[in-house]
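First up is the structure itself, then whatever we jot down about it.
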Amino acid sequence: MDALEQGLELRRQGKHAEALPFFQDAVQNEPQSYSAWTNLGEALNLNAKYSDALAAADHALQINAQYAPAWSVRAHALYYRNQEDEALEACNTALNSDPDLPDALTTKGMILCSQGEDQAALALFNRALALRPNFPDALMGVCMLFLMREQSSDALSVANRLVRLYPNDIRAWRSKGMAHDLLREYSEAEQVLREALRIDPNDVRTWTLLGTVRANAQRFNEALEAINHALAIDPNDTEAQNLKDQISRVKRGRAISTVGGVAGEVGGTVGVGILVGFLAFLKAIWDAFLDVLRGG
């Protein structure tokens, strides 16, 4: 089995970190293969290395500018770099060449989902799943859509399906953790995220999500421990740092509000029990939540 075949087999198992070196070896072995560069770009996307994925996709397109899967990889990387207009353009280029490309359909669905076009997004996810049954990215798109709609039970159902199908894919476990959090099942959410960390103990997004869950449960000191763990792994992770800043402000405000006798609880998109006056924190929690889900 050559390097490319080994990488593809590990990817099928959801072992994305283990697969990456094999795709890197494949482009070393065949530097003029646009297919090898595209597979490397997809592997980099799955490991949240979006700038490197974009470079790999562009390299593939320099060799073959008409290769639809490379445009799809480019779209995926651009989307997660928050360059949605360029991502949508790349998706459309891919789909003009291959209207039945599940990856491009899914990425376009994610873009439309983030723009509030829920029905159009769901149609694209379903089309991708019809073309490639149990396609994990499309299932995660459906899960994200349910989370955004606050359909927590539906989100959990999809997440459970993902975990059954792809037990080694950390994104499946994160999705399940988010669904439990939205159901205010914080202990279940933490247990699920602990399972995710067994797959990759150094996954920054999972540690950030664990901090989010603990903050939603008003366990702010433990939330900061998780966020600090994320920042020890990647000191430049902006989502973790922003969440840390928000939690620190809430902790300071909580002490003042409690003394002043105005402590209270508010409902919200994700968090519950967040004190009155900290809706900005609630929004930050939700933004971080979606970023963790989208982050691969």
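The values are calculated or read from the model by the stated rules, or taken from the named source; none is laboratory data. Everything numeric here is computed off the predicted structure, so don't read it as measured data. Here Cβ is always computed from backbone atoms with ideal geometry, including for glycine, and neighbour counts include all displayed protein chains.
Quick notes on this one:
- Tally of residues being more than 18 Å from the chain's Cα centre (by Cα) and either buried (at least 22 other Cβ atoms within 10 Å of the Cβ) or part of a helix (DSSP H, G or I) (or both) across the stretch 21-47: 16
- A single entry from ASN29, ASN82, ASN92 fulfils the requirement of being over 19 Å from ASP169 (Cβ atoms) and modelled with pLDDT under 90: ASN82.
- Where ASN134 falls short, out of the listed (1) under 26 Å from LEU165 (Cα atoms); (2) in contact (Cβ under 8 Å) with a residue 24 or more places away in the chain; (3) in a helix (DSSP H, G or I): (3)
- Count of residues meeting criterion [surrounded by fewer than 20 Cβ atoms within 10 Å (Cβ to Cβ) and within 27 Å of ARG184 (Cα to Cα)] in the stretch 117-135: 4
- Considered as a group, the residues in the stretch 48-79 that are surrounded by fewer than 24 Cβ atoms within 10 Å (Cβ to Cβ) and among the charged types (D, E, K, R) include one that is farthest from ARG205 (Cα to Cα), and that residue is ASP58.
- LEU147 under 23 Å from LEU46 (Cβ atoms), in a helix (DSSP H, G or I) and in contact (Cβ under 8 Å) with a residue 60 or more places away in the chain: yes
- For ALA48, the criteria (1) among the aliphatic types (A, V, I, L, M); (2) under 18 Å from CYS113 (Cβ atoms); (3) in contact with a Phe, Trp or Tyr (Cβ under 9 Å, 6 or more places away or on another chain) hold in every case but one, which is (2).
- Only residues that are of a type outside the set (D, E, K, R) and either surrounded by fewer than 22 Cβ atoms within 10 Å (Cβ to Cβ) or not in a helix (DSSP H, G or I) (or both) were counted in the stretch 81-93, giving 5.
- Scan the stretch 173-193 for residues that are more than 24 Å from ASP137 (Cβ to Cβ) and either within 17 Å of the chain's Cα centre (by Cα) or touching a residue at least 24 places away in the same chain (Cβ under 8 Å) (or both) and the total you get is 3.
- Residue within the stretch 109-116 that is more than 19 Å from the chain's Cα centre (by Cα), without any contact (Cβ under 8 Å) to a residue 60 or more places away in the chain and in a loop (DSSP other than H, G, I, E, B) present: no
- Exactly one residue out of ARG132, ARG81 is farther than 21 Å from LEU4 by Cβ and basic (Lys, Arg): that is ARG81.
- Applying the criterion of being modelled with pLDDT of 95 or more and polar (S, T, N, Q) to the residues of the stretch 123-174, the residue that is farthest from GLY211 (Cα to Cα) is ASN126.
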